[in-house]
Structures are given as structure tokens and as C-alpha cells.
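Report on the following structure.
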Amino acid sequence: HKRGYLILRWAYIINGSEKTFISQNNCHFLESEITEVDTRTKEQEIAGGDGVLVGSNTFGPFELTLKFYYDGIDKSDLILFTEKIKGIIHTRNAMYVVNSDIPGRKYAFNSAKIEWERITNSDITFSITFNCFKGFSESVNTTDDEFFFESNWMFENGIPLDFEPKYHHTSSQFTIWNGSTDTIDPRNIHHQLQIKMNIKATDGFELVNYTTGDIFRYNKSISPGIDFVLSGVHAYYDNNKVGIDTNRGVITLAPGKNILKIRGDVSSQNVVFKFPFIYR
């Protein structure tokens, strides 16, 4: 029966702070389909030699297609519905889409194509194909959200089952869990990583990731009660850029456990890591 679809299947759009469900009332989410990962390799031939020189791989955009069925009342209702969907999907800014097939992940898209297939004057099936321009998906939550599985954190998010990850630390040495399938690297324009520190250091400090070998160094004294923030590749002290007073180092996070330490003449520390996990 055309009204027999499970109401527990859903899909919604995130536009800034707004969340709009596509699947609601008489619109039913049917299935999703994702294209394969577009791995792009850099290769250079070796003159007079065998094989090629290879560089690091990059990943191109991919497509996510969601299929729906709408059970309308009449022709006018169907026209109004299609106009509403076009207004939700086609905007001037990039947005995220989330669906119940993998509910803990969101996909950033900058454009989408809608294809309609009318069944009668009042009902229709349609598909929306999203261009996921980042080349990866992200966890719906970020690491400053509590780790409750009923709160957008799902088993497929890469959360370990043998311990609860912590992202707020008050000791000089600590572990940061990266549940991604890739390294979080702030030099990638699409990767998000914010490290907020509130510390007291008389002659500056170093933040070291022993897992990756990364070292960030700040060369001046720092007072407690004023935030020092690493946001992407930029360093801020009291909301002012202070990159000139650093070694221009970047902290990356490898998949899994990362062992970090604050080094120097530091008498107190309070550190918070905020980032989403990313997935190929």
C-alpha cells in the first residue's frame, strides 16, 4: 500500500542553525545511494626508470542521492509541495544533509539536482542528488557534545566501546581520541579543529602531539583567565592573532589515540578540543 512506508525513516537539511525535515507529513524517505570515493593520485614518471613517483592522495567530491515518495491530496497540493522542496534545496549557500540510513553523519553540499517522476495527479516519487563538495562526511555532533548514543552519536561514528573519550583536560599530558577514518589537518580548508587553552606560562609553552610529531610553540608569557585559541592554522591570544610570536606549527590529529602534552614552565592548564570526526 502506498501509505505503508516506515515513518522511522527520515532526512533533513541543516542550514545554519535551522533544521528542516524533507520527510514529514506525507513525504516518505525511501533509500539512499552514495557514489564511490573519488581518490585522486599524484604521479610523476621517472625518466629512464621503472614505475612512477607518487605523492599524497586527494579526494574529490562525490554524490549522495536520496529517494522519496510523496502522497499528496490533489494536483494543487502536489504543486505546492514541489515548490516547497525546491525552496529548501536550492539556496545560495552550502548546507548539510542528514538521513536515517547513517544518522550520525552529515554531508556538506553546495548544489543539488531534483528529479521528479509523477505517478498520478496527487502523488510522486523524486530523488535529490547532492554534490558533496568536501569529499568526506562528518559526524553530526562535535567533540564538545556529550557522548550519548541517543544524541546523534551512533556506533558508526568511530567511538570506542572500551572507554569514553574526553576532550576537556586539566592536566599537562592527556589523550585525544580521533574517531575519524582520516587525519584531522587544519591545513585542509575543509577540516575543522579548535583548541582552546587557558594556561599560565611565564616563558611561553609548547603543545606537542607525540603521536604525529607535531609541535606548536608560543614564545611569550601567557596569563590565566585569558583564552589562547588555535583555530585552524591561526593562533589567537585574547582574540588577537599572534602567529608572529609562534613557530607557525600546526597540530594534527591522527585516527585513533593521540598523546599530547603541554611543555614548559606551566603552572596551570585547562584545554578543550572541539572538532567533528570525518569519514571517507
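The values are calculated or read from the model by the stated rules, or taken from the named source; none is laboratory data. Just so it is clear, the structure is predicted and the values come from calculations on it, not from any experiment. Virtual Cβ from ideal backbone geometry, glycine too; neighbours counted across all protein chains shown. We work out accessible area using only protein heavy atoms, side chains counted, and drop any ligands, DNA or RNA first. Shrake-Rupley method; radii C 1.70, N 1.55, O 1.52, S 1.80 Å.
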Checklist outcome for this item: Only one of (1) surrounded by 12 or more Cβ atoms within 10 Å (Cβ to Cβ); (2) at pLDDT below 95; (3) closer than 17 Å to Ser122 by Cα does not apply to Phe59, and that is (3)
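Consider Leu66 carefully, then state whether it is assigned to a strand (DSSP E or B), in contact with a strand residue (DSSP E or B) (Cβ under 6 Å, 6 or more places away or on another chain) and open to solvent by 60 Å² or more (accessible area, probe 1.4 Å).
Values: assigned to a strand (DSSP E or B): yes; in contact with a strand residue (DSSP E or B) (Cβ under 6 Å, 6 or more places away or on another chain): yes; open to solvent by 60 Å² or more (accessible area, probe 1.4 Å): no.
Judged against the criteria, Leu66 is not a match.
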Checklist entry - What pairs come up if the first residue lies in region 204-224 and is under 15 Å from Asp245 (Cα atoms), the second is of a type in the set (Lys, Arg) and open to solvent by 30 Å² or more (accessible area, probe 1.4 Å), and their beta carbons are under 6 Å apart, counting only those six or more places apart or on different chains? => result Gly204/Lys220; Glu206/Arg217; Glu206/Arg263
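Conditions (1) open to solvent by 10 Å² or more (accessible area, probe 1.4 Å); (2) hydrophobic (A, V, I, L, M, F, W, C); (3) touching a helix residue (DSSP H, G or I) at 6+ places or on another chain (Cβ under 9 Å), marked per residue:
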residue	(1), (2), (3)
Ile176	no, yes, no
Asp185	yes, no, no
Ile189	yes, yes, no
Gln192	yes, no, no
Ile195	no, yes, no
Tyr210	yes, no, no
Item to check | Lone qualifier among Leu53, Leu78, Leu8, Leu30 - being more than 30 Å from Asp185 (Cβ to Cβ) and exposed (fewer than 11 other Cβ atoms within 10 Å of the Cβ) | outcome: Leu8
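Looking at Lys86, is it open to solvent by 50 Å² or more (accessible area, probe 1.4 Å) and either within 22 Å of Leu8 (Cα to Cα) or touching a strand residue (DSSP E or B) at 6+ places or on another chain (Cβ under 8 Å) (or both)? I'd like the intermediate steps shown before the answer.
Numbers: open to solvent by 50 Å² or more (accessible area, probe 1.4 Å): yes; either within 22 Å of Leu8 (Cα to Cα) or touching a strand residue (DSSP E or B) at 6+ places or on another chain (Cβ under 8 Å) (or both): yes.
Yes.
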